[in-house]
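One structure is given below, encoded as structure tokens.
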């Protein structure tokens, strides 16, 4: 018995996204004529047989806005497409982060089902050739979303620490400071959590990569595992008076004196020092020596140590 070769071409789904009108095929250009500038509607999507065309040639946004828009397009496409495997092709927009479309598609798959007795079956929609960095971002995003969605009665500081330790595997050296040592080393963190129950006392955790890297990434969280859910309990005026953040205190002091901040930067990426010892360099335009002295005095009154860096003009 001779077996007949199966033709899989009918099961192949083509997903084409056009960011530049010059790449739109001649027989499809008529669909771009009625698109309104910077508007996405049903006319932007053309679906026929196993082929989907998306026209984004009518958008005139800056690079940052467009990159974020591509992320939203990916999420929209995931919900628009039926089940199946799709071969994604993006035409034009070489200056953009086109992989954001793939990232948006993958992030839209997220579901929080940790405490459900009956889970929802995952819909079988997929794109061909997902880059490794997108997979890593998706994994990190889902991990953080699971933590955020977990109720505070089962997710305290220790649970957050152990979840991070498990997620990072053996690639990092994990350390934590608690109790009297925390009170001595980071007194403000200790005081903030003084009212917590014994099992939910605050901790200071550090995760140091075992592999030496040229650049270092620092993520500093305030360690709150229970919040008001985003309720604004202050009036607009009250919110504007919140100046506890160090950088906010610096910028406010300079602004109150009429100084113009040209640039603020730091060198935290290059030193293994505690975060509380971070140094900030600020380039400020002044009206002269007297004005510069006024700004320095204002910063010193805010308990900042100020060193003037003289540079030739």
Could you say whether any residue in the stretch 232-249 is farther than 26 Å from residue 176 by Cβ and either modelled with pLDDT of 75 or more or part of a strand (DSSP E or B) (or both)?
-> yes
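Conditions tested, residue by residue: (1) loosely packed, with under 13 Cβ neighbours inside 10 Å; (2) in contact with a strand residue (DSSP E or B) (Cβ under 9 Å, 6 or more places away or on another chain).
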| site | (1), (2) |
| --- | --- |
| 93 | no, yes |
| 103 | no, no |
| 106 | no, yes |
| 109 | no, yes |
| 112 | yes, no |
| 122 | yes, no |
| 129 | yes, yes |
| 137 | no, no |
Would you say residue 149 is modelled with pLDDT of 85 or more, under 30 Å from residue 102 (Cα atoms) and surrounded by fewer than 12 Cβ atoms within 10 Å (Cβ to Cβ)?
-> no
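Does the stretch 278-287 contain any residue that is at positive phi and either at pLDDT below 85 or touching a helix residue (DSSP H, G or I) at 6+ places or on another chain (Cβ under 6 Å) (or both)? I'd like the intermediate steps shown before the answer.
As a first pass, look at the stretch 278-287 and keep what is at positive phi: none.
No: zero hits.
State whether the residues of the stretch 108-130 include one that is on the phi > 0 side of the Ramachandran plot, assigned to a loop (DSSP other than H, G, I, E, B) and modelled with pLDDT under 90.
Taking every residue of the stretch 108-130 in turn, at least one turns out to be on the phi > 0 side of the Ramachandran plot, assigned to a loop (DSSP other than H, G, I, E, B) and modelled with pLDDT under 90.
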Number of the exception - residue 133 against (1) under 30 Å from residue 80 (Cβ atoms); (2) without any contact (Cβ under 8 Å) to a residue 12 or more places away in the chain; (3) in a helix (DSSP H, G or I) | (2)
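The values are calculated or read from the model by the stated rules, or taken from the named source; none is laboratory data. Because the structure is a prediction, the values reported are computed rather than measured. Positions of Cβ are generated from backbone atoms using ideal geometry, with glycine treated the same way; all protein chains shown enter the neighbour counts.
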